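Shown next, in structure tokens, is the structure this report addresses.
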Amino acid sequence: MTELTELTVAAIRKGVAGGDFTAVEVAEAFNANVAAASQLNAFIVATPEKAIEAAQAVDAKRAKGEELGKMGGVPIGMKDLFATNGVQTTAASHMLEGFVPQYESTVSQKLWDAGAGMLGKLNLDQFAMGSSNETSYFGNVISPWRRKDGGNADLAPGGSSGGSSSAVSARLCPAATGTDTGGSIRQPAAFTGITGIKPTYGRCSRWGVVAFASSLDQAGPMARDVTDCAIMLEAMAGFDPKDSTSLDMPVPAWEAALNPDMKGKKVGIPREYRMDGMDPEILKSWDDGIAWLKDAGAEVVDISLPHTKFALPAYYIIAPAEASSNLARYDGVRYGLRDLPEGAGLQDMYAATRADGFGPEVKRRIMIGTYVLSAGFYDAYYNQAQKVRALIARDFEQAWSQCDVILAPTCPSAAFALGDKTSDPLSMYLNDVFAVPASLAGLPAMSVPAGLNSEGLPLGLQIIGKAFDEQGVLNAGLAIEQRAGFTAKPEKWW
Amino acid sequence: MSVDKATVAKIASLARIRVTDAEVEAMVPELNQILDWVEQLGEVDVTGVEPMTAVIPNTLRLRDDVVDADPLTGGGVRDKVLANAPAPEHGFFGVPKVIE
């Protein structure tokens, strides 16, 4: 019998539709893997009954000869940043511990409508703030990958979608939702040898997604290959009047139009991404990617994105500024934690609640955001950062006169060990150096596995595309995937 | 620009986060390290550049001016709104006394 948990989204959907196995069998197989992987701490809450319930509905539809949907019979993991009706939604924070939404986020509802079922709510960095999944109130997520030096150090699965990346690479789910504010889909995908795409800002509704930085937050799929990402993104995307920044555009048939032939396409290689002291193994994987895309028929051109080095500092003003505003809602009054010290007034209650409910990284970002928005500093910091952001977007705009997509590494390194960067917030931030520019410009960007480094850890390649051209990104990703031949998976130790 | 203990305490108060002296002490160098680093944005020549307001050009829509145009975001759901309130009272959000 086929090992069901080794199957991709496309294979599960096909097998269920064709009657090779039932959706319930698939859900049971993944439920068992989830239950046996508590050491990875990828899930905050497992919902095996939800997975079974959705699978039974799909099997019943099949029995009646009805359409099963784009994700028919596919159980998935849901990042615990999406509000799920009746199921605790925490953003991995103490602040929202026990919060049970009375409504369903648009993106998760679309996935259920497409025939997917929920295996559980996935762990993440608290309020999606982090690059290693070490800021969760519910404990670190551990990557299923280990260095081949036999040291067995626990490695970071990346962040903030670290539960998603860990779970997909460990075969606890065939696919998972992620959200990307400054690399939170792409960096964890790269760290764990899986594929993830952040679509153009506005493709996926933000309604019901716990807000971090609203001008940057964007949901997307994380799965084992490019085809699965195309399938799942189609199910997630679409206009939503409940999100004022939602794109009022039809969802293209990305899956049907997948085409790895790059003839006539130009791939830009941004010279500013080649930084001093870069890991030679990262450079080598980048060169491999260039060779693969040439082999697929593409022409490779050198391009310049002159403001690249300013993207990260601009991000670390803009994102905390938006976060400080968004997270003002956690006041101990309407939902979430309340800490009311004996005899305290309203202001003391706010301050005590927020001191208890937020972790150190969240507090740090709220404080930075509060500072850069405060009277006297707004122009010097926030306005300057938004001007630099405009220049970064203009850099990309100018690059599109020379190329169709851009190829770069996803991250400056392979996965680091847990604890390596926690004492130095700045060194943690620098891990997102290649991911942040596309976020600031709202562009679609994807990470695909390129190979393993000498330590046996996965490296990712990033493809950045024009606004609305997810197809171009997916196609280049597929061309790389077919040539990289990445089949490695973590050896089971958990 | 750098922050001192008094500034950090002031920011914490603006952000409505209670902090101890020891926490303020620890945050001063952390915030200064980050602020020193973002300072490099000052090098960028932004003459004539408008600050970005929308990352993808979009127009803000108006919904139909009718009650409960979208039932998911409309009214009449008091129990749901209060379902996660830490101290609901008589159909309202309860807060500590604010008037002496």
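Here are a few things to note about the model shown:
- Filtered GluC sites (Glu not before Pro), segment A:299-377: DSSP coil and at most 16 other beta carbons within 10 Å: A:GLU342
- For the listed residue pairs A:LYS263/A:LYS489; A:LYS79/A:LYS492; A:LYS263/A:LYS466, the alpha carbons are over 20 angstrom apart in A:LYS263/A:LYS489; A:LYS79/A:LYS492.
- Ignoring the sites themselves, chain A has its longest run without trypsin sites (Lys or Arg not before Pro) in a DSSP loop having at most 11 other Cβ atoms within 10 Å at A:264-491.
- Taking other Cβ atoms within 10 Å as a rough exposure proxy, B:THR7, A:THR227 sort from fewest to most as B:THR7, A:THR227.
- 4 °C / 1.567 mPa s Stokes-Einstein diffusion coefficient of the protein assembly as shown, Kirkwood radius on C-alpha pairs, µm²/s: 53 µm²/s
- Segment A:251-289 and segment A:140-190 have Cα centres separated by 22 Å.
- Share, in percent, of DSSP beta bridges within segment A:1-139 that are antiparallel, nearest 5: 45 percent
- Footprinting exposure proxy ranking of B:MET27, A:MET262, fewest other C-beta atoms within 10 angstrom first, gives B:MET27, A:MET262.
- Listed residues A:PRO444, A:LEU457, A:PHE396: farthest to the positive end of the dipole of chain A (Cβ charges): A:PHE396
- Antiparallel bridge percentage (DSSP; both residues within chain A; nearest 5): 70 percent
- Whole-angstrom gap from segment A:327-354 to segment A:1-62, using each part's C-alpha centre: 41 Å
- At 0.692 mPa s and 37 °C, Stokes diffusion of segment A:37-193 via Kirkwood alpha-carbon radius, µm² per second: 210 µm²/s
- Proximal aspartates and glutamates relative to A:LYS50, as straight alpha-carbon distance under 16 Å, when same-chain residues fewer than 8 apart are discounted: A:GLU25, A:GLU28, A:ASP59, A:ASP80, A:GLU104, A:ASP113
- Taking B:ASP70, A:ASP276 and counting other C-beta atoms within 10 Å, the order from fewest to most: A:ASP276, B:ASP70
- DSSP-loop trypsin sites (Lys or Arg not before Pro) across segment B:35-100, with at most 16 other Cβ within 10 angstrom: B:ARG61, B:ARG63, B:LYS97
- Neighbour-limited loop hits for chymotrypsin sites (Phe, Trp or Tyr not before Pro), segment A:20-81 (at most 13 other Cβ within 10 Å; DSSP other than H, G, I, E, B): none
- Whole-number percent relative contact order across chain A, with pairs defined as alpha carbons under 8 Å at least 6 apart: 18 percent
- For the protein assembly as shown, a crude dipole built from +1 on the beta carbon of Lys and Arg and -1 on the beta carbon of Asp and Glu, taken about the Cα centre, is about 480 debye to the nearest 20.
- All Cα-Cα separations within segment A:275-399 were binned at 5 Å from zero, giving a P(r) of 2, 9, 12, 13, 12, 11, 10, 9, 8, 6, 4, 2, 1, 0, 0, each value a whole percent of the pairs.
- Nearest-ten-degree value, helix B:21-38 long axis tilted from longest Cα axis of chain B: 70 degrees
Every number here is computed from the coordinates shown, using simple stated rules; none is lab data. A quick note: this is a predicted structure, and the numbers were derived from the prediction, not measured. When we count neighbours, we look across all protein chains shown, and the Cβ atoms used for this are built from the backbone with ideal geometry, even at glycine.
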